[in-house]
Amino acid sequence: MNNMKTTLLLATLTAILVVLGDMIGGRSGMMIMFVISMGMNFMSYWYSDKIVLAQYDAQQVTAQSNPKLYGMVERLAKNGKLPMPKVYIIPSDVPNAFATGRNPSHAAVAVTEGIQRLLTDDELEGVLGHELTHVKNRDTLISTIAAMMAGAISMIAHVLQFSAIFGRSDDREGSNPLELIGAIIIAPIAAGLIQMSISRAREFLADEGGGDMCRNPLALASALAKIDYYSKHGALPNASNATAHMFIINPMVGIGESLSNLFSTHPRTEERIAKLKQQAMNPKYKEKALF
């Protein structure tokens, strides 16, 4: 269902893009904006992993420098039949983690120093399983596509806004001013909401896959509860809305409480925990009394 939902949401983004493209005046201007947008997102796709790792001052570790963490990732990657990703540590006491990279062969998993101290080994494996599931499901690619479409929609909406102010080049007969105003205001908001909905759908899939990869959904549930608690008491340094969707828990302080779930990049943690508890009832998992 989540995969179907993601496909439908991406199709809706495409439809919004097509409608706006039809409304904008001047095909040459539209094409220029598309080329600029595609170029920006092409660079983001190929280099976003390096950019975000540098943003959080992540340091790569090896089997020699951190055998425990590296060994966990290596073992889980084998369980998930994935190539071994690069492993990084973020120098921050705030517990969190994320995965990045354009595909499983060019992936990286990063965790903070704080998460290693806070979680038990079972819980940390659950978190790593979650992130490796993002890699396996190519969620970074899906997020890039969604961001590309949402960005293009916002750019076109701005062009329409300037067209409305300074006059459209084509002045098509029968054009509706209310329709134009609606497109300028509603389209970027709708695109942003759809992008967030895609992110939330992928989080549920990553939770399920992470619980299965570590063979202990309750360990991941326990880890989410701990990380969520600490996320409300301290912000991750350099955290931004642009990268918030990448983390296992939104790193922005109080985001889940200050805004409606509709505007969040992550589902409510309580809902995620409930689904993991339900998953743990499957007899194939060896349950551990973490709750």
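Before moving on, here are some points about what is shown:
- Surface exposure of region 87-139, expressed per residue as accessible area with a 1.4 Å probe, stands at 28 Å².
- Extending 7 Å from the Cα toward the beta-carbon at both Asn282 and Tyr47 defines two label points whose distance is 4.1 nm.
- Legend: distances between Cα atoms for Lys50/Lys81; Lys226/Lys277; Lys78/Lys277; pairs beyond 18 Å are Lys50/Lys81; Lys78/Lys277.
- Potential lengthening between Lys232 and Ser105 on full extension [0.36 nm per residue; Cα-Cα distance subtracted]: 42.3 nm
- With the highest mean first, a sort of the peptides 213-225, 57-69, 73-85 on other beta-carbon atoms found within 10 angstrom per residue produces 213-225, 73-85, 57-69.
- Sorting Val127, Val94 by accessible area puts them as Val94, Val127; the probe is 1.4 Å, largest comes first, and only protein heavy atoms count.
The values are calculated or read from the model by the stated rules, or taken from the named source; none is laboratory data. These numbers come from a predicted model, not from an experiment. All Cβ positions, glycine included, derive from the backbone under ideal geometry; neighbour counts span all protein chains shown. Accessible surface areas use protein heavy atoms only, side chains included; no ligands, DNA or RNA. Shrake-Rupley method; radii C 1.70, N 1.55, O 1.52, S 1.80 Å.
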